[in-house]
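Reading through the structure tokens given below for one structure.
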Amino acid sequence: MKAIRIHAHGGPEVLELDDIEVPEARAEHVLVRMKAVAMNHMDLWVRKGMPGVTIPLPIILGCEGSGVVEGTGDEVLIAPSTSCRACEACLSGNDHYCRQYKIYGEHRDGLDAEYVLVPAYNVFPKPKHLSFEEAAALPLTFLTAWQMLVDRAQVASGQTVLVMAAASGVGSAGVQIAKLFGARVIATASDETKFSKIQELGADHVINHRKQDIAEEVKKLTDRRGVDVVFEHVGVSVWEKCLKSLAFAGKLVTCGATTGPEVKLDLRHIFIKQQQILGSTMGPKASLFKILRLVSEGKLSPVLDRVFPFSEVVSAHRRLEQGSQMGKIVLTP
């Protein structure tokens with residue numbers, strides 16, 4: 001079978017479409033014939049290499065996807081992680097806190113392959129009205145955004161939420177979830193051609209974060225009050241403006257650092273304004289049941305940018321690196 005692997009870290013040129021063996025059957029596992037795999041910035045980080053993080057090489061990339069179970073024909077999407085299922089964290093429904101928690105395409109071989117063998121507990125029924133490409137764009141993106149807004153920031157009706165980089169996969173999910181819970185949504189994007197789509201998803205206002213001062217625009221839109229929640233995943237390039245956009249007792253929740261992880265922080269602003277900075281990574285697998293119900297009811301929807309065949313994975317990586325996408329980039333075998 002074909003699989004997208006890297007044997008060394010580097011630029012897009014290290015991506016290889018290898019011929020490898022189809023995984024052998026194992027107890028309590030299912031073999032899935034992959035139909036689509038969505039890309040994430042994690043694919044870029046793993047490809048480039050991360051300081052202080054050892055990636056097992058060679059490794060198959062890809063952490064969220066959809067396909068058909070061999071032997072049954074069930075159409076499924078695959079949860080992006082595994083855990084021990086026996087520790088206190090797992091048994092309390094917080095599998096993302098498990099010390100053996102592993103994400104596909106980072107800690108173990110991923111889903112960018114024609115066939116993958118996954119634990120049976122890791123497959124969920126694909127919403128019938130979605131294409132395989134749309135379904136592939138759901139698991140990690142919406143699970144991450146749900147954990148950030150619902151579980152960590154506890155977003156509530158009547159609040160104002162600032163969603164950074166709303167044209168990204170996780171950003172487009174964040175806009176929808178914040179609106180679903182009754183929040184007023186201020187979003188940011190760098191390309192004004194994407195504004196109308198972001199507003200269709202539920203954003204009440206969109207700020208061009210390349211041309212406008214985010215904090216100043218937020219002050220204008222909130223009568224200088226600021227926002228209750230900042231949904232952040234960009235990192236150093238917007239960090240200062242995000243903090244300045246927070247209201248008294250506001251919460252900033254972050255899940256990423258696309259533009260860099262080292263930020264400055266004036267603690268006086270945090271304790272005087274009684275604000276909170278919350279970290280968030282992934283989310284409990286159980287939340288996928290809630291998310292998929294809302295998707296089936298038409299209340300949440302994945303946003304697709306472009307679909308590339310496996311043979312054009314280099315072009316897909318370059319598009320994601322350029323940040324020119326609106327929604328998710330998806331690969332198909």
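Restricting attention to the stretch 45-75, and to residues there that are β-branched (Val, Ile, Thr) and closer than 21 Å to His96 by Cα, which single residue is most open to solvent (accessible area, probe 1.4 Å)? Break it down into steps so the answer makes sense when it comes.
From the stretch 45-75, those β-branched (Val, Ile, Thr) are 46, 53-55, 59-60, 68-69, 72; that's our starting set.
Among the residues that remain, those that are also closer than 21 Å to His96 by Cα are: 46, 53-55.
On the way: Val46: 0, Val53: 67, Thr54: 130, Ile55: 13 Å².
Here the residue is Thr54.
Can you say whether Leu201 is of a type in the set (A, V, I, L, M), touching a Ser or Thr at 6+ places or on another chain (Cβ under 7 Å) and open to solvent by 10 Å² or more (accessible area, probe 1.4 Å), as far as the supplied structure shows? Walk me through how you get there before you give the answer.
Numbers: of a type in the set (A, V, I, L, M): yes; touching a Ser or Thr at 6+ places or on another chain (Cβ under 7 Å): yes; open to solvent by 10 Å² or more (accessible area, probe 1.4 Å): yes.
Spelling it out, Leu201 is indeed of a type in the set (A, V, I, L, M), touching a Ser or Thr at 6+ places or on another chain (Cβ under 7 Å) and open to solvent by 10 Å² or more (accessible area, probe 1.4 Å).
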First in the stretch 215-241 and within 18 Å of Ser157 (Cβ to Cβ), second anywhere and among the polar types (S, T, N, Q) and open to solvent by 20 Å² or more (accessible area, probe 1.4 Å), Cβ under 6 Å, 6 or more apart: Asp228/Gln159
Among residues belonging to the stretch 68-98 that are small (Gly, Ala, Ser) and on the phi < 0 side of the Ramachandran plot, point out the one that is farthest from the chain's Cα centre (by Cα). Ala86
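Tell me, which helices (runs of 4 or more DSSP H) wholly within the stretch 215-317 include 1 or more residues that are crowded, with 20+ Cβ neighbours inside 10 Å?
Numbers: elements: 239-244, 267-272, 287-296.
Counting at least 1 such residues, we get 239-244, 287-296.
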Tally, over the stretch 227-252, of residues that are under 17 Å from Glu216 (Cα atoms) and of a type in the set (Lys, Arg): 2
Only one residue in Gly73, Gly62 is in a loop (DSSP other than H, G, I, E, B), modelled with pLDDT of 95 or more, within 23 Å of Thr141 (Cα to Cα) and not acidic (Asp, Glu). Which one? Gly62
Mind listing whichever residues of the stretch 96-116 are farther than 16 Å from Val22 by Cβ and surrounded by fewer than 24 Cβ atoms within 10 Å (Cβ to Cβ)? His96, Tyr97, Cys98, Arg99, Gln100, Tyr101, Lys102, Ile103, Glu106, His107, Arg108
Checking Glu28 against (1) surrounded by fewer than 16 Cβ atoms within 10 Å (Cβ to Cβ); (2) in contact (Cβ under 8 Å) with a residue 60 or more places away in the chain; (3) within 16 Å of Leu111 (Cα to Cα), which test does it fail? (3)
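State all residues of the stretch 78-105 that are part of a loop (DSSP other than H, G, I, E, B) and within 24 Å of Pro309 (Cβ to Cβ); if no residue qualifies, say none.
Pro80, Gly105
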Number of positions in the stretch 318-328 that are in contact with an Asp or Glu (Cβ under 7 Å, 6 or more places away or on another chain) and farther than 13 Å from Asp191 by Cβ: 1
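The values are calculated or read from the model by the stated rules, or taken from the named source; none is laboratory data. Keep in mind that what you see is a predicted model, and the values were worked out from it rather than measured. In this analysis, Cβ positions are derived from the backbone assuming ideal geometry, glycine residues included, and neighbour counts consider all displayed protein chains. What goes into the accessible areas is simple: the full protein's heavy atoms, side chains included, and nothing from ligands, DNA or RNA. Shrake-Rupley method; radii C 1.70, N 1.55, O 1.52, S 1.80 Å.
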